[in-house]
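The values are calculated or read from the model by the stated rules, or taken from the named source; none is laboratory data. All values derive from a computational prediction rather than experimental measurement. So basically every Cβ, Gly included, is an ideal-geometry build from the backbone, and we count neighbours across all protein chains shown. What goes into the accessible areas is simple: the full protein's heavy atoms, side chains included, and nothing from ligands, DNA or RNA. Shrake-Rupley method; radii C 1.70, N 1.55, O 1.52, S 1.80 Å.
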Amino acid sequence: MNINHKKINSLIKEVEAVLRKIRKEEKKTAPTLKKIHLLHKMSAVNLVHYKRFRKSDFRVSQRKLGDLGMTRFANAQGHVEDSLIKVLYLLYRLKDGKSADFKKVNLSTKKSKALLKFNTESLLGSPSKGRRVRIMVTMPSHAAYDKEFVTTMIENGMNCARINCAHDHLRFGWQLLKI
């Protein structure tokens, strides 16, 4: 494989810049993150990383990484920092065969998958028999008063419901009362 060292160096700089940005955002949000329950802290930190990562226009670099057979971060939302570190490791290996010294991340890809499973089951319970997913239904506001409607949805596989009043007549009724 012919390695273009100039392109590799450019990618290293871009990935390192994104990594610095997500870590800077984590420090910036530290006072808020301190208030989060320990069970949810790693997920909250990753959410900060993910939101900052998505603010970066990283598309060109992602295409270049894909051309090298590396991740384009399409599935990195649960472990952003770890994914960036792993890509940097590979880029440094391509550059000169050596490995840079990277600090160990708190939320590895493996840990993030286990955490997602734990949080999902804590929030939504175990999946129904024969399914690996849960079904959440956004209900109209009349569901709050229609027991038969809700029962039918449960019988047909609904695991979780939310009532959204933003797009129905009740929302407009409240607006009229404010006038």
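Observations on the structure shown:
- Condition met for Gly157 (within 29 Å of His40 (Cβ to Cβ), touching a Ser or Thr at 6+ places or on another chain (Cβ under 7 Å) and in contact (Cβ under 8 Å) with a residue 24 or more places away in the chain): yes
So that you can scan it fast, the table gives a plain yes or no per residue for (1) open to solvent by less than 80 Å² (accessible area, probe 1.4 Å); (2) more than 16 Å from the chain's Cα centre (by Cα); (3) farther than 28 Å from Glu121 by Cα:
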{"position": "Thr29", "(1), (2), (3)": "yes, yes, no"}
{"position": "Leu39", "(1), (2), (3)": "no, yes, no"}
{"position": "Ala44", "(1), (2), (3)": "yes, no, no"}
{"position": "Leu47", "(1), (2), (3)": "no, no, no"}
{"position": "Asp67", "(1), (2), (3)": "no, yes, yes"}
{"position": "Val80", "(1), (2), (3)": "yes, no, no"}
{"position": "Lys95", "(1), (2), (3)": "yes, yes, yes"}
{"position": "Asn106", "(1), (2), (3)": "no, no, no"}
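- Complete set of residues in region 101-142 that are of a type in the set (Val, Ile, Thr) and in contact with an Asp or Glu (Cβ under 9 Å, 6 or more places away or on another chain): Val105, Thr109
- Each residue in region 120-149 was checked for being open to solvent by less than 40 Å² (accessible area, probe 1.4 Å) and in contact with a helix residue (DSSP H, G or I) (Cβ under 9 Å, 6 or more places away or on another chain), and 4 of them qualify.
- Some residue of region 110-130 being outside any loop (DSSP other than H, G, I, E, B), hydroxyl-bearing (Ser, Thr, Tyr) and farther than 30 Å from Ala161 by Cβ: no
- Residues of region 49-61 that are open to solvent by 20 Å² or more (accessible area, probe 1.4 Å) and either hydrophobic (A, V, I, L, M, F, W, C) or at pLDDT below 90 (or both): Ser56, Asp57, Arg59, Val60.
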